[in-house]
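Right, one structure below, let's go through it.
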Amino acid sequence: MVVTREPGAGELGASIRQILLHGGDMPSMSELFLFLADRANHVETLIRPALERGETVICDRFADSTVVYQGFGRGLDLGMLRQLNRLATSGLEPDVTLLLDLPVEIGLARVTEKDRMDQMVESFHQKVRDGFLTEAALQPSRWRLIDATDSADKVLDAAWRALSS
């Protein structure tokens with residue numbers, strides 16, 4: 001099993017993650033292309049090779065996050081984002097997506113060290129949550145909704161159960 005994350009896998013990903021999470025303000029399109037560059041590299045160098053070896057890949061965030069954060073949150077065109085994600089992933093899509101859902105105020109209260117994205121206003125985070133719920137409703141056979149208001153152990157148990165079903 002390979003466990004990975006976006007942004008931030010590999011040397012290139014780590015550099016992009018640093019810019020995205022700890023850099024200053026940037027135009028929405030610049031942010032988008034950094035995420036897409038990280039994703040294209042991530043798929044090519046880590047995810048696809050692991051899948052070709054027959055391994056299971058668990059990734060913390062992937063293409064749906066870009067649709068939600070840059071589309072619902074930043075207001076970029078959803079169709080364009082979907083098309084660019086297909087390009088960056090060469091059409092690779094997850095078999096299952098877990099959505100750890102909780103109210104915005106609880107999520108923000110749990111953050112101990114705020115990065116650039118965490119510092120966005122609450123209304124941005126509400127748009128993001130609503131976007132994730134909208135995306136999940138569009139493909140209910142792929143998405144598994146997990147109530148993340150519980151303890152970490154209970155959320156983890158729910159996630160493993162969702163992956164087993």
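FYI, it's all coordinate maths here, none of it is from the lab. These numbers come from a predicted model, not from an experiment. Methodologically, a virtual Cβ is constructed for each residue, glycine included, from the backbone with ideal geometry; neighbour enumeration extends over all protein chains shown.
Quick notes on this one:
- Considering Ala14, Ala88, Ala37, Ala50, the condition of being among the small types (Gly, Ala, Ser) and within 28 Å of Ser123 (Cα to Cα) is satisfied by Ala37 alone.
- Single unsatisfied condition, Ala109 versus (1) within 17 Å of Asp147 (Cβ to Cβ); (2) in contact with a Leu (Cβ under 8 Å, 6 or more places away or on another chain); (3) small (Gly, Ala, Ser): (2)
- Note on the range 1-11: among residues that are assigned to a loop (DSSP other than H, G, I, E, B) and not small (Gly, Ala, Ser), the one that is surrounded by the fewest Cβ atoms within 10 Å (Cβ to Cβ) is Met1.
Residues checked against (1) hydrophobic (A, V, I, L, M, F, W, C); (2) without any contact (Cβ under 8 Å) to a residue 40 or more places away in the chain; (3) touching a helix residue (DSSP H, G or I) at 6+ places or on another chain (Cβ under 9 Å); (4) surrounded by fewer than 16 Cβ atoms within 10 Å (Cβ to Cβ):
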residue	(1), (2), (3), (4)
Gly13	no, yes, yes, no
Leu32	yes, no, yes, no
Asp64	no, no, yes, no
Asp77	no, yes, yes, yes
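- Scanning the range 17-69 for residues that are under 21 Å from Arg86 (Cβ atoms) and part of a loop (DSSP other than H, G, I, E, B), we see that the one that is farthest from the chain's Cα centre (by Cα) is Phe62.
- Consider the range 98-124 and keep the residues that are surrounded by 15 or more Cβ atoms within 10 Å (Cβ to Cβ) and touching a helix residue (DSSP H, G or I) at 6+ places or on another chain (Cβ under 6 Å). The one that is nearest to Leu20 (Cα to Cα) is Arg116.
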